[in-house]
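Following: one structure in structure tokens, then a few remarks.
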Amino acid sequence: IYKVFGITIFSSKTKKVIKLIFLQPLIIFIITLISILILDLSLILTLTTKYKLWPPTNKIGFALKWILTPITILGLLYLTLTSPFQKIYILTLIPIILGLIIAIWSVKTLTLHDTVGIKGKLSKKGPYKYSRHPQYVGYISMLIGLIIYTHTLQVLIISILAILWYILATYTEEPWLE
């Protein structure tokens, strides 16, 4: 039991729980940061070396995509949902919702196999009439909305690295799309 001026404040068990609550966002941030850094480095390796990890055509590429991408998304979602909310931030839902609509429309235009890069040919219908990578445009729009909504350094860092990933991915996919 901890006492301040003779008044009992916290038991040692309560203090441990409070420390865990304050450490949890930091731990989530570090895990998310490591995840997006590995994804970014995989694209840099693809662009600068003979190792082609993106688009995923081997087990390592698919593992990077299907393990690290959900970790990054869930971490970013957690960091966003734990940030303070103010009514003015309702306007930031515009780029988030618009990006979500574009991303869903893009995925729906292609088959699931085309979307994940298993098979397919270059599409020029739906949102692909306007952009070669409309899914990435939608995701970047959502990330910009999250940056504005949360106005936290953690979300800013993760989102900028995610945006960098989407930009680099377009260059790694270009030979595959031709």
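Within the stretch 54-69, restricting attention to residues that are touching a helix residue (DSSP H, G or I) at 6+ places or on another chain (Cβ under 9 Å) and free of Cβ contacts under 8 Å to residues at least 12 places away in the same chain, the residue that is farthest from Pro175 (Cα to Cα) is Ile67.
Taking the criterion of being open to solvent by 40 Å² or more (accessible area, probe 1.4 Å), among the hydrophobic types (A, V, I, L, M, F, W, C) and under 14 Å from the mean Cα position of the chain (by Cα), the residues of the stretch 148-172 that qualify are Leu156, Ile157, Ile160, Leu164, Ile167. Within the stretch 130-178, being of a type in the set (Phe, Trp, Tyr) and without any contact (Cβ under 8 Å) to a residue 40 or more places away in the chain holds for Tyr130, Tyr136, Tyr166. If you filter the stretch 35-46 down to residues that are open to solvent by 50 Å² or more (accessible area, probe 1.4 Å) and touching a helix residue (DSSP H, G or I) at 6+ places or on another chain (Cβ under 9 Å), you find that the one that is farthest from Leu79 (Cα to Cα) is Ile44.
Filtering the stretch 83-103 to residues that are open to solvent by 60 Å² or more (accessible area, probe 1.4 Å) and either at pLDDT 90 or above or part of a loop (DSSP other than H, G, I, E, B) (or both) leaves Pro84, Phe85, Gln86, Ile97, Leu98, Leu100, Ile101. Quick one: in the stretch 47-82, which of the residues that are in a helix (DSSP H, G or I) and in contact with a Pro (Cβ under 9 Å, 6 or more places away or on another chain) is most open to solvent (accessible area, probe 1.4 Å)? Residue satisfying both the conditions and the ranking: Trp66.
The values are calculated or read from the model by the stated rules, or taken from the named source; none is laboratory data. Every value quoted in this text rests on a predicted model; they were computed, and no experiment measured them. So basically every Cβ, Gly included, is an ideal-geometry build from the backbone, and we count neighbours across all protein chains shown. These area figures cover heavy atoms from the full protein model, side chains too; ligands, DNA and RNA do not enter into them. Shrake-Rupley method; radii C 1.70, N 1.55, O 1.52, S 1.80 Å.
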